[in-house]
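The structure under discussion appears below in the form of structure tokens.
The values are calculated or read from the model by the stated rules, or taken from the named source; none is laboratory data. Note that the coordinates shown come from a computational prediction; the quantities given were computed from them, not determined experimentally. For neighbour counting, all protein chains shown are included, and Cβ atoms are generated from backbone atoms with ideal geometry for every residue, glycine included. Ligands, DNA and RNA are excluded from the accessible area calculation, which covers all protein heavy atoms including side chains. Shrake-Rupley method; radii C 1.70, N 1.55, O 1.52, S 1.80 Å.
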Amino acid sequence: MDAYLEALKAYQSFNPAGWVAIYRLLPMWAGIVSCGVGLTLLLFGGGRLFRVLAGPMGALIGLGWTGVLLTRFGIAGTDPRLATAAAAVLAVLGFVFPPAIVYLGVGIPVGLLGGEIAGPNDYLIGFVPGLILGGLVAAVLHRQVAAILSSALGAWLLVIGAMAALHQFGGLVAAMASQPWGLIIAAGLFAIAGSVYQIAVRPSPEEAERQQAERQRLKVRQAEQKALEKRWSASRGDK
């Protein structure tokens, strides 16, 4: 477990090689599972499945961003288990109220960007408006943002899973891992394709419910029509 937590620390900084290196910790079967999960998230992650996805995403936010935020705000000497505790809280919050994870998943990076623009002396002044505005926009566009987030995570799981699954082909995988930007670009293209499919092709949850209700009404009408025809045929036979 410590090895995985240590590998996840690479995602707290701009470290493309470290992001890719996590595949070395995954056995082949885990890589195959990751590919399947990633493909599912690419195609369906932004719908009802997002409630299941929001929990793990909340945990990743807690593990990935807690240390960064503490460092940016100059808070030192905290318990190293604080990130794990934050991950547990956000995981529960994600399962209970997924829009909160959408809010934080977009709001925190936007807030960090605002803080960097404002500079170290006014970091809080730049961070807070970015967090609030970025989070509010994400909450309003919940379906679209959920599709983008799920596609991004699914694309990365697909790429890392494929690397782990092909680990036995050491030379090929090592060559791919030595070009992290190529893998990041590939994941980005997968994420774009998944986002477009989920937003533009797949019906929204409301539309899916309407279509399901329409199919149910059609079945009822067909059953009533068949029953009416059967009664009509029976009455003519009696005559």
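Residue-level analysis places Val159 outside the set of residues that are open to solvent by 40 Å² or more (accessible area, probe 1.4 Å) and under 21 Å from the mean Cα position of the chain (by Cα). Within the range 14-26, restricting attention to residues that are without any contact (Cβ under 8 Å) to a residue 24 or more places away in the chain and outside any helix (DSSP H, G or I), the residue that is surrounded by the fewest Cβ atoms within 10 Å (Cβ to Cβ) is Phe14.
Scanning the range 162-178 for residues that are outside any helix (DSSP H, G or I), among the hydrophobic types (A, V, I, L, M, F, W, C) and modelled with pLDDT of 80 or more yields one hit, Leu166.
Would you tally the residues in the range 27-47 being part of a loop (DSSP other than H, G, I, E, B) and under 12 Å from the mean Cα position of the chain (by Cα)?
Step one: list which residues in the range 27-47 are part of a loop (DSSP other than H, G, I, E, B), which gives 27, 45-47.
With under 12 Å from the mean Cα position of the chain (by Cα) added as a condition, the list becomes 45-47.
Result for the range 27-47: 3.
Quick check on Gly62: is it closer than 25 Å to Gly194 by Cβ, open to solvent by 30 Å² or more (accessible area, probe 1.4 Å) and either assigned to a helix (DSSP H, G or I) or touching a Phe, Trp or Tyr at 6+ places or on another chain (Cβ under 9 Å) (or both)?
Numbers: closer than 25 Å to Gly194 by Cβ: yes; open to solvent by 30 Å² or more (accessible area, probe 1.4 Å): no; either assigned to a helix (DSSP H, G or I) or touching a Phe, Trp or Tyr at 6+ places or on another chain (Cβ under 9 Å) (or both): yes.
No; evaluated as a whole, the condition is false for this residue.
A residue that is of a type in the set (Phe, Trp, Tyr), open to solvent by 40 Å² or more (accessible area, probe 1.4 Å) and under 29 Å from Leu69 (Cβ atoms) occurs somewhere in the range 165-187. The criterion of being modelled with pLDDT of 80 or more and out of contact with any helix residue (DSSP H, G or I) (no Cβ under 8 Å at 6 or more places or on another chain) does not hold for Val159.
Just a yes or no: is a residue in the range 72-91 open to solvent by 60 Å² or more (accessible area, probe 1.4 Å), closer than 30 Å to Tyr197 by Cβ, under 21 Å from the mean Cα position of the chain (by Cα) and not polar (S, T, N, Q)? For the range 72-91, residues open to solvent by 60 Å² or more (accessible area, probe 1.4 Å), closer than 30 Å to Tyr197 by Cβ, under 21 Å from the mean Cα position of the chain (by Cα) and not polar (S, T, N, Q): absent.
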